[in-house]
Amino acid sequence: MTDSRERRITALTEAAKAKSKNKTRDADQAIRRLIKRGEPITFQAVQREAGVSHAFLYNHPELRKRIEHLRGARRKATTDQPADADNTVVITLTRQIAELKKQHRQQVQALRDALERAHGENLDLRRELARRGIHSPPNVASIATTS
């Protein structure tokens with residue numbers, strides 16, 4: 001081989017290595033951006049984001065392994081998350097319902113106690129009126145007789 005040919009081959013080889021290194025860096029940065037945005041990590045998403053070919057990603061073992069790992073981790077997280085989120089919602093709502101039921105029972109009991117006191121006072125007043133000889137008008141209904 002001639003000296004100039006070897007230099008051209010070396011220059012082309014170095015250029016190809018630099019190009020590959022830049023594409024690898026771009027793919028790595030694309031993965032980071034996708035993760036940061038919370039988007040799914042797939043070969044297609046990384047390809048679009050980095051501007052590299054599908055074949056490039058598949059032919060680079062480190063990138064391929066990383067994408068497959070992140071894709072698998074994402075799938076596992078999404079299948080686990082709804083169950084946990086659903087459980088949390090169910091637990092929270094159950095607690096809220098229990099608290100509301102407790103408040104309702106307390107309010108109903110307070111109203112019953114107040115009604116009982118009112119009936120007692122009404123009865124006492126009617127007895128006092130009867131003792132004094134004052135009769136209530138016939139068109140006034142008694143609470144005790146209407147319930």
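Please treat every number below as a calculation from the coordinates, not as lab data. The shown structure was predicted, so the numbers you read here are calculated from the model rather than taken from an experiment. Cβ coordinates were reconstructed from backbone atoms using ideal geometry, including for glycine residues, and neighbour counts include every protein chain displayed.
Normalised by the residues of the stretch 3-136, what does the relative contact order come to in percent, with Cα pairs under 8 Å and at least six apart?
Reported relative contact order: 15 percent.
Kindly give Rg over Rh for the stretch 3-136, based on alpha-carbon atoms, with the Kirkwood expression for the hydrodynamic radius.
1.73
Quick one: order S4, S53, S20 by neighbouring beta-carbon count within 10 Å, fewest to most.
Fewest to most other Cβ atoms nearby, the residues stand as S4, S53, S20.
Need the list of aspartates and glutamates near K102 for cross-linking: C-alpha distance under 17 angstrom, and skip anything on the same chain fewer than eight residues off.
Result set, ordered by chain and number: D113.
Take T92, T42 and order them by how many other Cβ atoms sit within 10 Å, fewest up front.
Details: T92 10, T42 15.
Fewest-to-most Cβ neighbours within 10 Å comes out as T92, T42.
Could you run the Karplus curve 6.51 cos²θ - 1.76 cosθ + 1.60 with θ = phi - 60° over the stretch 91-100 and give me ³J(HN,Hα) per residue in whole Hz, x for Gly and Pro?
Each residue's phi maps through the Karplus curve to give 4, 4, 5, 4, 5, 5, 5, 4, 5, 5 Hz.
Setting aside same-chain residues fewer than 8 positions from K21, which aspartates and glutamates have a Cα under 17 Å from its Cα?
Candidates past the 8-residue exclusion: E49, E62.
By count of other Cβ within 10 Å, fewest leading, how are F56, F43 ordered?
Going from least to most buried by this count: F43, F56.
Put +1 on the Cβ of each Lys and Arg and -1 on the Cβ of each Asp and Glu in the stretch 3-136; which of Q103, V90, L34 then has its Cα farthest toward the positive end of the dipole?
L34
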